[in-house]
Amino acid sequence: MTAKTRNKAVVAAKEKKETPIVVYFMAVAGAIVGYLVLGKIILGAQPHPYHWISGVLGGVLGYFLGWLWFRFKGDIL
């Protein structure tokens, strides 16, 4: 028996996937909230690098929360 061949254009279209806009939105929102809430309010008396680290951690957390949002609810646009 011979294997069925697939059209290369169809395969390429399926493999080409872009990051959904909800992931970018949640990453930016998480970074801003992490910097302002965790960095400025909670860690306000600590040295300044803690503020930036909290912003980066908020962005990373927002990135993964954005993928979860996309997985269960779809894109926002």
Residue order, fewest to most surrounding Cβ atoms within 10 angstrom, among K8, K40:
K8, K40
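Where does each of L38, L68 land when they are ranked from fewest to most other beta-carbon atoms within 10 angstrom?
Values: L38 17, L68 12.
Ranking L38, L68 by Cβ neighbours within 10 Å, fewest first, gives L68, L38.
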Under a plain spin-label model, where a point goes 7 Å from the Cα along Cα-to-Cβ, how far apart in nm are I42 and F64?
1.5 nm
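Since every read-out is calculated from the coordinates, none of them should be taken as a lab result. On a predicted model such as this, the values are computed, not experimentally measured, just so you know. Neighbour counts run over all protein chains shown; Cβ positions are idealised from the backbone, glycine included.
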